[in-house]
Each structure stands twice: as C-alpha cells, then as structure tokens.
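This report concerns only the one structure given below.
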Amino acid sequence: MKRTLILGKNQHDVELLRQDGVTTLVWEGQSQTIDILELEPGCYSILLDGRSVEVRLDKAKSADPEAHAYSAMLYDGAYAFSLVDPRRALLSGTGSTGRGGGLLMSPMPGKIVKLLVKAGDQVQEGQTLLVMEAVKMQDELKTSTTGTVKTVHVQEGAAMETGASLVTVEAAEA
C-alpha cells in the first residue's frame, strides 16, 4: 500500500512490497530490495545497500487521527514522522509544521538535558533547540521551521513522555 511519509516539511512517496519472501522499498519511484528483521518488539534491523541500520520505532501522538505518527531512534538521532494516505497528504499541504510555524514534540520518553533557546529567539530551519536524553543517549532535537520561538513548554531536567509539547516556533513572514 502506498503512503506519504511526512518528515518535517518534507513529503516522500513510499511503498513496501512483499512478494515471494522478498521485501522491496519503493521510495519516490525508485525500487530497492531491503531486508527487515524484528530484533525485539519495536526494534528492527534494516539491511539496505549492504548496510545494516538498527531502528527503534515508537508510536507517537498526532493531532490528525488518520495519520500514523512515529518516532524513530537511529544511530544519528531521533526523528518524528508520520505516514498518511497520499490523497490526504496532498490536501494538507506541507505537513505538520507548514507555513504557520511548528510545534516540536517529544519523539520519545526522556529527560530534557539542555535548552538552547528561549521565547523570542530567532531560529533557522535545522537549528538545534534542545538536547534530550533517552535510553542513555543524548539527541539534539531540531526545528523544521525558520522563525521566532513563541513558547518553550519545558524546563531543563524535566521528564517528558512521547508526544509532549517542547517548543513552539512561529514561522517567519515570507
């Protein structure tokens, strides 16, 4: 089944096909044979292009009840994403942060180790807003919106649950 993967402001057409024991990932129309092995519930080893990547997936809360929201922990950090029907993605425009700004939500349970911004700060897309610790790993959480920090919903040392509001960024006027 085809889905649209929404990662920040970016959307990608994806599809997983399984036939005769072979799994194929179709990404933006390009097919790749992949191997997926569930190591334990919610933890997968994915073999793609001769490289193995371990991914831990957790369901996340979403404002859209028809979106399947997840957080993924990889070797290089945490990523929040959702999978939606491609027709809904076309209707929604650019995804969860859109032109009106964005809400950075906790992709997993963890502790806020360091806040790097305060209300009123100007931020650029891709800038780290805070550092969160989960499963003995520190992850930098970044904004997908250029604009002004409107609200910081957390304090250093706070314990967070998946889907908790962390920082709201109001998009810059275009």
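The values are calculated or read from the model by the stated rules, or taken from the named source; none is laboratory data. Everything quoted here is computed from the prediction, not taken from an experiment. Neighbour counts are summed over all protein chains in view; Cβ atoms, including those assigned to glycine, are modelled from backbone coordinates with ideal geometry.
Does the range 1-10 contain at least one residue that is β-branched (Val, Ile, Thr) and modelled with pLDDT under 85? Within the range 1-10 (the criterion being β-branched (Val, Ile, Thr) and modelled with pLDDT under 85), the answer is yes, since at least one residue qualifies. Would you confirm, using the coordinates I've provided, whether Leu103 is out of contact with any strand residue (DSSP E or B) (no Cβ under 9 Å at 6 or more places or on another chain), at pLDDT below 80 and surrounded by fewer than 18 Cβ atoms within 10 Å (Cβ to Cβ)? Judged against the criteria, Leu103 is not a match. Look at the range 1-53 and say how many of its residues are charged (D, E, K, R) and either outside the structural domain of Ala78 (by TED's automatic domain parsing) or surrounded by 11 or more Cβ atoms within 10 Å (Cβ to Cβ) (or both). Residues flagged as charged (D, E, K, R) and either outside the structural domain of Ala78 (by TED's automatic domain parsing) or surrounded by 11 or more Cβ atoms within 10 Å (Cβ to Cβ) (or both) within the range 1-53 amount to 6.
Every condition in (1) modelled with pLDDT of 80 or more; (2) in the same structural domain as Val169 (by TED's automatic domain parsing); (3) not aliphatic (A, V, I, L, M) holds for Tyr79 except the one numbered (2). Considering every residue within the range 166-174, establish whether at least one is modelled with pLDDT under 90, in a loop (DSSP other than H, G, I, E, B), of a type outside the set (S, T, N, Q) and under 22 Å from Tyr70 (Cα atoms). Checked the range 166-174: no residue is modelled with pLDDT under 90, in a loop (DSSP other than H, G, I, E, B), of a type outside the set (S, T, N, Q) and under 22 Å from Tyr70 (Cα atoms).
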